[in-house]
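Here is the structure we will look at.
The values are calculated or read from the model by the stated rules, or taken from the named source; none is laboratory data. None of the values given here were measured: they were computed from a predicted structure. Here the Cβ is made from the backbone with ideal geometry for all residues, glycine too, and neighbour counts use every protein chain on show. Accessible surface areas use protein heavy atoms only, side chains included; no ligands, DNA or RNA. Shrake-Rupley method; radii C 1.70, N 1.55, O 1.52, S 1.80 Å.
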Amino acid sequence: MARLTCPYCYRTFAEKEMLFRCSGLRAANGAFCKPEPDPVRVQLGDRDEVPPVVEGNGKKLSAVCTRCGNTATVQICPHCHAQLPVHYGKIDTRMVAMIGAKFSGKSVYTTVLMHELIHRVGRRFDAAVVGADERTRKEFGSEERALYSEGVLPIATRPAADEQGRQPFVFKFSLGERKRFRSTLRHTVLSFFDTAGEDLESARGVAQNVGYLSSADGIIVLLDPLTVPGLVQTLGLDPSVLPDTSQQEAAKGDTPINILTRITEVLQQLPGVGPNRMIDIPVAIAFSKVDALWDALPEDSLLRQPAPDGPFFPESDSLAMHDYVQALLLQWEGGQIDQLLHKHYRTYRYFGLSALGAVPPAKQSRQARQRVAKSGIQPHRVEDPFLWLLSRLKVIETGRD
Ligand SMILES: Nc1nc2c(ncn2[C@@H]2O[C@H](COP(=O)(O)OP(=O)(O)OP(=O)(O)O)[C@@H](O)[C@H]2O)c(=O)[nH]1
Ligand SMILES: [Mg+2]
Ligand SMILES: [Zn+2]
Ligand SMILES: [Zn+2]
C-alpha cells in the first residue's frame, strides 16, 4: 500500500497509522471529552482547544474513543495531528509546491490564483474548489479581502524559522461526474506552501524546504523577470518607471539562476535522483509580473495575449508560450537558465503571468502599505502553470488544439 503524505506537514505515513480525533459529543451515558489544547499542535503554534486524539483500531474510516465511547471519524495526521480532508486515504492527493525568491510575488500569486480557481477556473472545468479546512478558509478569506476589497498588497512573508505555525493552504479541487473528460467523481487535494523569500537566500534555507519540495508532485517556481540580469537594458525599460521597491529588493535579492541552482541542488538530494540523474518532478518556471514588461513588448507579443479558456489544458498555446519565453531568455541572459533546466529536468515548461495585471503605484510614504493599481486586479494567465501541472498529473485533460 502506497504511503500517504500529509498535506499540512508533508510527512508520510501508512493508512493504518492514521489517528482520529474524538467528536467531543455527549455519549448516551452523558460522558463527553472536554476540549483542550493538543500538545502536538501547541508545538506548532496552534493553541486551539480540541477533543482528544483517538488511536486507530484497524478500521480505516473510524475508531472508538476509549474515554467517552463515541465513534470518532475525523482523521488526523499521526505526525502533526492536523485534521485531514475527509476520506483522505481514498482520494487523490496532489501536492503542488510553490517556491520563489524574496519579492517575486508568491503571496499575491497564491491569493489571486486561489481566487481565480474558486470563482472562474472552477466553473470553466465544472469543478468545485474549496478550502479543505477551517484555517485555510479563514486565512485565505482575510488575504483575499485585503487584496480585493481593501486593495492593499501583503507585507513580506516571515521566514519559516520565525514562525513555527506557518502552514500551507490546502484546497480541494473536485471534478463532477458528468464531465466529458472524466467519467468518475474525482477529488484532488492541493497543498500550497508560501515560502518566505529569505528561505531561499542560503543553501541552508533551501534545505529547510526539502521536505516540502521532495513530497511535491509538481513545483511552480516563481521568478521575477525584473531580476533577470540584462532584461531591463535589453528591453529598454525605463528604470524610472519600474516600481522603486522592486528595484531595491531586486538589487538585494537573488538572480533566477542562483535560485534555480539551489533548488536543483536540493532536488538532487532526493532518493533515486543523485547528481547525474534527471529530476522527474514536473517544474513550471513561471515569470511573474509580466505586466511590467508589456509596454516594452510589441502589441502582438504572446506575453500580452490572454489564454484560451476551454474546459481542457490548451497544450499548443502553452507550448508556443514556452518557446517564446525560451527565445526571450536567450536574448536576455544568454540562455543560462535554459541550459540548467535542460540539463537537470526531464519535464519543465516556461510561463509568463501577472497576478495584478498592472504595476502597483509607488507608495505615498515610507510607512504606507503598498496598494494595487486603481484599475483593480486583472489577473493574466495565472492559472496556466497550475493547469499544466494538473494536466501532467492527469487530473484534467489536455486539448489538442
Ligand atoms: N507589477 C506587478 N507587481 C507585482 C505583481 N505581484 C506582486 N507584485 C509586486 O511584488 C511585491 C511583492 O509581492 P509578494 O507577493 O508579497 O512577494 P513574495 O514573493 O510573497 O515576497 P516575500 O514574502 O517577501 O518572499 C508586491 O508588493 C508588488 O509590489 C504583479 O502581478 N505585477
Ligand atoms: Mg510572501
Ligand atoms: Zn472521546
Ligand atoms: Zn501532518
Original post:
Considering every Cα-Cα pair within the chain, what fraction, in whole percent, is farther apart than 36 Å?
Top reply: 27 percent
Subject >> Selection of trypsin sites (Lys or Arg not before Pro), the stretch 58-115, meeting DSSP coil and at most 13 other Cβ within 10 Å >> reply: Lys59
Original post:
Using 0.36 nm per residue, how much length does the chain from Arg11 to Gln268 gain when fully extended, once their Cα-Cα distance is taken away?
Top reply: 90.6 nm
Original post:
What does the helix-only formula give at 222 nm for the chain: each DSSP H stretch with n ≥ 4 adding -39500 (n - 2.57), the total divided by the residues, and the result rounded to the nearest 500 deg cm²/dmol?
Top reply: -7000 deg cm²/dmol
Subject >> Arg137 paired with Trp294, simple spin-label distance in nm, labels 7 Å along Cα-to-beta-carbon >> reply: 3.5 nm
Original post:
So how far apart, in nm, are the two label points at Arg277 and Gln233 if each is 7 Å from Cα heading toward Cβ?
Top reply: 4.1 nm
Original post:
Among residues other than Val290 whose Cβ falls under 12 Å from its Cβ, what is the net charge (Lys/Arg +1, Asp/Glu -1)?
Top reply: -1
Original post:
Out of the stretch 360-401, which trypsin sites (Lys or Arg not before Pro) are coil in DSSP terms and have no more than 11 other C-beta atoms within 10 Å?
Top reply: Arg366, Lys374, Arg400
Original post:
Rounded, prolate or oblate: which fits the stretch 1-90 when a ≥ b ≥ c are the square roots of the eigenvalues of the alpha-carbon gyration tensor, with rounded for a/c under 1.5 and prolate only if a/b beats b/c?
Top reply: oblate
Original post:
Once you treat every alpha carbon in the stretch 281-384 as an equal point and sum by Debye, what is log10 I(q)/I(0) at q = 0.25 Å⁻¹?
Top reply: -1.41
**OP:** Compute the distance in nm between two label points, each set 7 Å from the Cα along the Cα-to-Cβ direction, one at Asn57 and one at Arg158.
**Re:** 4.2 nm
Original post:
Residues of the chain: accessible area per residue at 1.4 Å, in Å²?
Top reply: 48 Å²
Original post:
So if we plug the beta-carbon distance of Val86 and Gln305 into 1/(1 + (r/R0)^6) with R0 = 41 Å, what FRET efficiency do we get, rounded to 0.05?
Top reply: 0.55
Subject >> Mean separation of Cα contacts under 8 Å, 6 or more apart, over the residue count of the stretch 1-90: relative contact order % >> reply: 32 percent
Original post:
When the accessible area of the chain is computed with all protein chains present and a 1.4 Å probe, what percentage of it is carbon and sulfur?
Top reply: 50 percent
**OP:** Can you tell me the FRET efficiency between Val210 and Ala28 if r is taken as the Cβ-Cβ distance and R0 is 56 Å, rounded to the nearest 0.05?
**Re:** 0.70
**OP:** Take the Cβ-Cβ distance between Ala146 and Asp48 as r, set R0 to 30 Å, and report the resulting FRET efficiency rounded to the nearest 0.05.
**Re:** 0.85
Original post:
Hey, in the GNM for the chain with a 10 angstrom Cα cutoff, which one of Ala368, Ala358, Ala146 fluctuates hardest?
Top reply: Ala368
**OP:** DSSP loop (so not H, G, I, E, B), at most 14 other Cβ within 10 Å: list which trypsin sites (Lys or Arg not before Pro) in the stretch 301-351 pass both filters.
**Re:** Arg346
